[in-house]
Amino acid sequence: MTRGGEHLTVPAADFTSYYGRPILKPPVWKRDIAGYLFTGGLAAGGALIGAGAQLTGRPALRQVGRWTALGGVTASAYLLVHDLGRPARFHHMLRIAKLTSPMSVGTWILTAFGPAAGVAAIAELATRLPDHGVLGLARRLAPPVGDIAGLAAAATAPALATYTGVLLADTAVPAWHDAYPFMPFVFGGSALAAATGVGLIAAPAAQTAPLRRLAVVAATVKYAGGRRMERLGLTGEPYRQGRSGRLVRAGDVLLGVGTVAALFSRRSRVLSAISGAALVASSVATRFGIFEAGRVSARDPKYTVVPQRERLDEKRSTTEH
């Protein structure tokens, strides 16, 4: 618009809200939940590796996978209950099964996975019992029972690895919500990377050949989803900038280092340990980075206002034509 030869423009919008409060209420979840996101994925990846090792005759790797699954799900349950504040709240969530609620579905997935992972891991210990009397019977029954439980845990593992991504995307938090098509892939790849890392550290080198290939698969899945998240536009900005962006980038770099080191670690325990540590650290950095990115996007009104205005403008232009 012009007036008297002078070009007038509308001043840039100042994204504020009443009393300086955010438009959205930031997530009330504490960093316990960021840890929960990591340990749940670690448990799921461990169960899948344990089942694969079971089916391909790699007993030492099978044991590492099963114990990783149990350790991860135990830590995951503790962090979830700690965030809820009272153990009874977890029990109350089991009163109903609501398929439209990712939290409800996730609670049931965790409840199904935990006992199966526990039985599979305990079966590894039972094989060391004395071979006489009742203990001998338990020792003989442990392998088939452990195998069934290990496969049951692996069957629910993909859901456990990815449902947390669906859970975050189901919120109104802009950086999480707009990433809903890609978040499960990032979480699934990150889960496999973490469990692969533990396997490379703890399992004998003679049984880790599948893990080197799995590291490549995990990196491919995670990178594909992660790049799409970062290119979301404005709501992808927290994945590229600030503390959350640094964590996400650190996760990418560590994943690359861990994957390359894994490919060259066939005869080197040192390289296997470096690779494993990098892959585990990558998963931690990725989960905490995504968690922090959501908190950042909820606190700043522009991540809510600008995309809404863009969608409204696009809708108006479509109806006008």
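Taking every residue in segment 121-145 that is more than 15 Å from Trp67 (Cβ to Cβ) and pairing it with any residue that is modelled with pLDDT of 85 or more, at least 6 positions away or on another chain, the pairs with Cβ-Cβ distances below 6 Å are Val145/Ala123. Note on segment 265-304: residues that are of a type in the set (Asp, Glu) and within 14 Å of the chain's Cα centre (by Cα) amount to 1. Screening segment 213-245 for residues that are open to solvent by 80 Å² or more (accessible area, probe 1.4 Å) and under 20 Å from Val280 (Cβ atoms) and picking the one that is nearest to the chain's Cα centre (by Cα) gives Thr220. In segment 136-183, the qualifying residues are those that are polar (S, T, N, Q) and touching a Gly at 6+ places or on another chain (Cβ under 8 Å), and the one that is least open to solvent (accessible area, probe 1.4 Å) is Thr164.
Helices (runs of 4 or more DSSP H) fully within segment 169-230 that include at least 1 residues being in contact with a Lys or Arg (Cβ under 7 Å, 6 or more places away or on another chain): 183-202, 209-230. Picking from Val248, Val253, Val280, which residue would you name as being open to solvent by 40 Å² or more (accessible area, probe 1.4 Å), at pLDDT 90 or above and of a type in the set (Val, Ile, Thr)? Going through Val248, Val253, Val280 in turn, the sole match is Val253.
So if I check each of Arg66, Arg31, which one is open to solvent by less than 40 Å² (accessible area, probe 1.4 Å) and in contact (Cβ under 8 Å) with a residue 40 or more places away in the chain? Among Arg66, Arg31, only Arg66 is open to solvent by less than 40 Å² (accessible area, probe 1.4 Å) and in contact (Cβ under 8 Å) with a residue 40 or more places away in the chain. When you scan segment 288-302, do you find a residue that is in contact (Cβ under 8 Å) with a residue 60 or more places away in the chain and of a type in the set (Val, Ile, Thr), even just one? Among the residues of segment 288-302, at least one is in contact (Cβ under 8 Å) with a residue 60 or more places away in the chain and of a type in the set (Val, Ile, Thr), which makes the answer yes.
Of the candidates Leu61, Leu48, the single residue that is open to solvent by 20 Å² or more (accessible area, probe 1.4 Å), modelled with pLDDT of 95 or more and either of a type in the set (D, E, K, R) or part of a helix (DSSP H, G or I) (or both) is Leu48. Screening the candidates Arg212, Arg140, Arg128 for the property of being within 20 Å of Val253 (Cα to Cα) and out of contact with any Cys (no Cβ under 9 Å at 6 or more places or on another chain) yields one hit, Arg212. The residue list Thr68, Thr107 contains one member that is among the polar types (S, T, N, Q), at negative phi, at pLDDT 95 or above and in a helix (DSSP H, G or I), which is Thr68.
Residue count for segment 115-135 satisfying the condition of being part of a loop (DSSP other than H, G, I, E, B), surrounded by 12 or more Cβ atoms within 10 Å (Cβ to Cβ) and either among the basic types (Lys, Arg) or modelled with pLDDT of 80 or more (or both): 0. For Ala191, indicate whether it is touching a residue at least 12 places away in the same chain (Cβ under 8 Å) and either open to solvent by 20 Å² or more (accessible area, probe 1.4 Å) or touching a Ser or Thr at 6+ places or on another chain (Cβ under 6 Å) (or both). Answer is no for this residue. The residues of segment 194-212 that are open to solvent by 10 Å² or more (accessible area, probe 1.4 Å) and among the aliphatic types (A, V, I, L, M), listed by number, are Val198, Ile201, Ala202, Ala205, Ala206, Ala209.
The values are calculated or read from the model by the stated rules, or taken from the named source; none is laboratory data. Note that this is a predicted model, so its numbers are computed, not measured. For neighbour counting, all protein chains shown are included, and Cβ atoms are generated from backbone atoms with ideal geometry for every residue, glycine included. SASA here: full protein model, heavy atoms, side chains in, ligands and nucleic acids out. Shrake-Rupley method; radii C 1.70, N 1.55, O 1.52, S 1.80 Å.
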